[in-house]
Amino acid sequence: MSLRNKVTLIGYTGKEVEMVNFDNGNVKASVSLATSDHYTNAKGEKVEETQWHNLIAFGKTAEIFEKYVSKGKEIAIEGKLIYRSYDDKDGVKRYITEIRVDEILLLGGK
């Protein structure tokens, strides 16, 4: 049994899907996903924690995002963690963690 980079999340999209068309004909979809967790703290108060995740998808998966996913849509995804960095316009190195989506499942109603 081998270990591999795998992420499974269920959450709600936080914005409309952004599409990028490349010169070679490939497409990329980007969207944010919110996942929430609840727990009771030491004082007995219910606390909700929300985490935001950056999702990217390519090809057919990106086309599914574009066609069926809108802001506030509940989805389940499976993919892998991607770490990358770039230099911003001021020359400062920025780091990004993204999830490259391989599979998507549309949940909830319309």
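The values are calculated or read from the model by the stated rules, or taken from the named source; none is laboratory data. As the structure is a prediction and not an experimental result, all values here were calculated from the model. For neighbour counting, all protein chains shown are included, and Cβ atoms are generated from backbone atoms with ideal geometry for every residue, glycine included. Remember, those area values only see protein heavy atoms, side chains included, never the ligands or the DNA or RNA. Shrake-Rupley method; radii C 1.70, N 1.55, O 1.52, S 1.80 Å.
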Original post:
Here are some conditions: (1) surrounded by 12 or more Cβ atoms within 10 Å (Cβ to Cβ); (2) more than 12 Å from the chain's Cα centre (by Cα). Residue 36 meets all but one. Which one does it not meet?
Top reply: (1)
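Identify the residue in the stretch 1-21 that is more than 17 Å from residue 103 (Cβ to Cβ) and under 20 Å from the mean Cα position of the chain (by Cα) and, among all such residues, is surrounded by the most Cβ atoms within 10 Å (Cβ to Cβ). Talk me through it step by step, then tell me what you get.
Residues of the stretch 1-21 that are more than 17 Å from residue 103 (Cβ to Cβ), as a first pass: 1-3, 12, 14-16, 18-21.
With under 20 Å from the mean Cα position of the chain (by Cα) added as a condition, the list becomes 12, 14-16, 18-21.
Details: 12: 17, 14: 15, 15: 12, 16: 13, 18: 13, 19: 14, 20: 12, 21: 10.
Out of the qualifying residues, it is 12.
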Original post:
Can you tell which of 85, 70 is of a type in the set (Gly, Ala, Ser) and closer than 15 Å to residue 18 by Cβ?
Top reply: 70
**OP:** Please work out if residue 89 is open to solvent by less than 60 Å² (accessible area, probe 1.4 Å) and of a type in the set (D, E, K, R).
**Re:** no
Original post:
Filter the stretch 43-72 for residues that are more than 19 Å from residue 107 (Cα to Cα) and of a type in the set (Lys, Arg); which is surrounded by the most Cβ atoms within 10 Å (Cβ to Cβ)?
Top reply: 46
Original post:
Within the stretch 92-110, how many residues turn out to be of a type outside the set (Val, Ile, Thr), touching a strand residue (DSSP E or B) at 6+ places or on another chain (Cβ under 8 Å) and open to solvent by 50 Å² or more (accessible area, probe 1.4 Å)?
Top reply: 9
**OP:** Could you please let me know if residue 61 is in contact (Cβ under 8 Å) with a residue 60 or more places away in the chain and of a type outside the set (A, V, I, L, M)?
**Re:** no
